[in-house]
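Below is one structure, written out as structure tokens; comments come after it.
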Amino acid sequence: MTDFQHLARSLLPAVLAAGVVEMKHYLAGVTVETKSDESPVTAADREAEVILLASLATVAPDIPVVAEESVAEGRIPAIGRRFFLVDPLDGTREFINRRDEFTVNIALVEDGRPSFGIVYAPALGDLYVTLGPSRSAHARIAPDSAAPAIADC
């Protein structure tokens, strides 16, 4: 059984760090490139993914990670019944167009179903996380703040 609270506490610093990186780019201006599938990508996407992958390699080294920018570059891991799914900057178009509705996303997929998730919207200051079966939490946190205590929803 997965210890969701431990996973949430362990991944939170990386998720917040990814949010800081994204906000730095968001406020400074964004250079846009195009991936092979014609979707946009920015340095913020790539830098946030590096942070998240490093954390997952430490927190759960035995669980493969399917990450959007890595997959776009052809790095697709073999997966079994458990894997992490990472979108380091979901809502890249919103990000590019300076709309605040973009998020940092990590999900744990087990037996084809999401069992854990952490979603952070740095521009809005909203963090949502799974703490157990049918248990979630929400916190309001700016990306440059210290990690908050996560209150149950």
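The values are calculated or read from the model by the stated rules, or taken from the named source; none is laboratory data. What you are looking at is a predicted structure, and each value in this text was computed from that prediction instead of being measured. Here Cβ is always computed from backbone atoms with ideal geometry, including for glycine, and neighbour counts include all displayed protein chains. The area values use the complete protein model at the heavy-atom level, side chains included, leaving out ligands, DNA and RNA. Shrake-Rupley method; radii C 1.70, N 1.55, O 1.52, S 1.80 Å.
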- [ ] Filter region 56-74 down to residues that are touching a Pro at 6+ places or on another chain (Cβ under 7 Å) and surrounded by fewer than 18 Cβ atoms within 10 Å (Cβ to Cβ), then give me how many there are.
- [x] 2
- [ ] Name the single residue, out of those in region 75-89 being open to solvent by less than 70 Å² (accessible area, probe 1.4 Å) and over 19 Å from S115 (Cα atoms), that is modelled with the highest pLDDT.
- [x] L89
- [ ] Please identify the pairs in which a residue from region 1-26 that is closer than 12 Å to A60 by Cβ and of a type outside the set (A, V, I, L, M, F, W, C) has its Cβ atom under 9 Å from the Cβ atom of a residue that is part of a helix (DSSP H, G or I) and at pLDDT 95 or above, counting only partners at least 6 apart or on another chain.
- [x] H6/V59; S10/S55; S10/T58; S10/V59
Task: Pairs, first open to solvent by 60 Å² or more (accessible area, probe 1.4 Å) in region 127-153, second among the basic types (K, R) and modelled with pLDDT of 85 or more, C-beta under 9 Å, six or more apart - done: A147/R9; D152/R135; C153/R135
Open item on the list: Take the conditions closer than 17 Å to V66 by Cβ, surrounded by 16 or more Cβ atoms within 10 Å (Cβ to Cβ), among the hydrophobic types (A, V, I, L, M, F, W, C) and modelled with pLDDT under 95 and apply them to V30. Does it pass?
Closed with: no
- [ ] Could you grab the pairs with beta carbons closer than 6 Å, sequence gap of 6+ or different chains, first residue in region 92-114 and within 18 Å of E68 (Cα to Cα), second one open to solvent by 20 Å² or more (accessible area, probe 1.4 Å) and among the aliphatic types (A, V, I, L, M)?
- [x] I96/V30; I96/V32; T103/V119; N105/V119; A107/L85; V109/L85; P114/A107
Task: Matching residues in region 84-103 - criterion: being among the hydrophobic types (A, V, I, L, M, F, W, C) and closer than 16 Å to P40 by Cα - done: L89, F95, I96, F102
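So which of A137, A107, A54, A147 ends up being among the hydrophobic types (A, V, I, L, M, F, W, C), modelled with pLDDT of 95 or more and in contact with a helix residue (DSSP H, G or I) (Cβ under 9 Å, 6 or more places away or on another chain)?
None of the others qualify; the one that does is A54.
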